[in-house]
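The block underneath contains the structure these notes are about, expressed in structure tokens.
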Amino acid sequence: MENLLRFSFGNAKLPATTAIFDLPAGYTCPGARECQSRFHRQDKRIVDGKHTRFRCFAASQETRPNVRARRDSNLELIQQATDIPRLLVDSLNYRLERKTTHVRWHSSGDFFSYPYAKAVLVAAMETPDLIHYFYTKSLHFFIDVPLPSNVYLTASYGGQYDRMIDEGHFPRNARVVCTDGEAASLNLPVDHDDSHCYTGEPHPFALLVHGTQPQGSVTGKAIQLRKKQGAFTGYSKHRVLVS
């Protein structure tokens with residue numbers, strides 16, 4: 001149905017039992033700072049923010065017209081909806097497969113408004129058999145907001161609201177690092193499959209920078225070095241499906 005949101009199922013690090021919902025990168029990320037990047041729709045190029053330390057991998061994906069169109073459509077449907085929670089619940093019920101166990105909100109994009117953030121929590125309450133989780137830099141929408149028992153929030157460092165993490169509001173948090181050695185120096189485990197997002201007591205962890213980076217950048221060189229060292233052998237390849 002054209003009036004419902006689209007999900008994909010699985011990717012390079014997540015199994016097909018995980019449904020993934022995406023929005024346009026950068027355009028829906030009010031809390032972004034160090035990863036602030038977007039694909040300019042008119043100029044057809046990646047535009048990085050003035051504080052960008054590493055390029056958002058999701059923005060680079062939008063050089064592909066089909067990816068861009070699906071994310072743009074999702075955003076448009078939400079912006080036009082008179083009842084956002086109902087749109088989310090109807091889309092989940094129609095699109096998700098019986099084997100789906102987890103929903104990851106925003107491998108691209110983020111919570112761009114409080115009504116939308118609240119709608120996702122409502123949708124999670126109406127689908128208690130699913131585990132809903134997300135990384136977010138839109139922390140200002142979630143301060144002192146109780147989460148349903150099946151919702152897991154990971155606060156993402158490198159944004160406009162890092163102080164809220166430092167103040168202890170979000171004990172489950174993640175920061176991007178270039179190498180395993182950097183993570184070890186910070187005494188942080190490295191997450192390769194999102195399991196740190198929803199298992200165990202809330203705790204900090206690290207993510208290895210990935211995706212296409214600006215030529216000659218420190219982050220780009222780190223990725224190339226890791227590839228040479230075979231650092232990605234821990235990733236399992238999963239089939240990617242779109243509904």
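The values are calculated or read from the model by the stated rules, or taken from the named source; none is laboratory data. As the structure is a computational prediction, the values presented were derived from the model and not from experiment. Cβ sites come from the backbone with ideal geometry, for glycine too, and all protein chains shown count toward neighbours.
Annotations
- Number of the exception - S60 against (1) without any contact (Cβ under 8 Å) to a residue 60 or more places away in the chain; (2) in contact with a Gly (Cβ under 6 Å, 6 or more places away or on another chain): (1)
- Of all residues in segment 1-26, those that are polar (S, T, N, Q), modelled with pLDDT under 95 and under 21 Å from H192 (Cβ atoms) total 1.
- Residue satisfying condition, being of a type in the set (S, T, Y) and either over 19 Å from the mean Cα position of the chain (by Cα) or under 21 Å from T136 (Cα atoms) (or both), within set T82, T63: T82
- Considering segment 35-50, and only residues there that are touching a residue at least 24 places away in the same chain (Cβ under 8 Å) and over 20 Å from S73 (Cα atoms), the residue that is surrounded by the most Cβ atoms within 10 Å (Cβ to Cβ) turns out to be C35.
- Boolean, S37 is under 23 Å from G159 (Cα atoms) and small (G, A, S): yes
- Subset of segment 138-196 [basic (K, R) and surrounded by 13 or more Cβ atoms within 10 Å (Cβ to Cβ)]: R172, R175
- Residue in segment 116-125 that is under 19 Å from the mean Cα position of the chain (by Cα), charged (D, E, K, R) and closer than 30 Å to A69 by Cβ present: yes
- Put simply, of D72, D90 the only residue that is touching a Pro at 6+ places or on another chain (Cβ under 7 Å) and part of a helix (DSSP H, G or I) is D72.
- If you go through segment 189-198 and keep only what is free of Cβ contacts under 8 Å to residues at least 40 places away in the same chain and in contact with a strand residue (DSSP E or B) (Cβ under 9 Å, 6 or more places away or on another chain), you end up with P189, V190, D191.
- Boolean, G200 is farther than 25 Å from F57 by Cα and either among the basic types (K, R) or surrounded by fewer than 16 Cβ atoms within 10 Å (Cβ to Cβ) (or both): yes
- Here the condition is being among the β-branched types (V, I, T), part of a loop (DSSP other than H, G, I, E, B) and closer than 24 Å to V209 by Cα; of T28, T82, T100, it holds for T28 alone.
- Count of segment 1-45 residues which are touching a Cys at 6+ places or on another chain (Cβ under 6 Å) and farther than 25 Å from R95 by Cβ: 2
- Take the conditions (1) closer than 28 Å to V122 by Cα; (2) not in a loop (DSSP other than H, G, I, E, B); E182 misses just one of them, which is (1).
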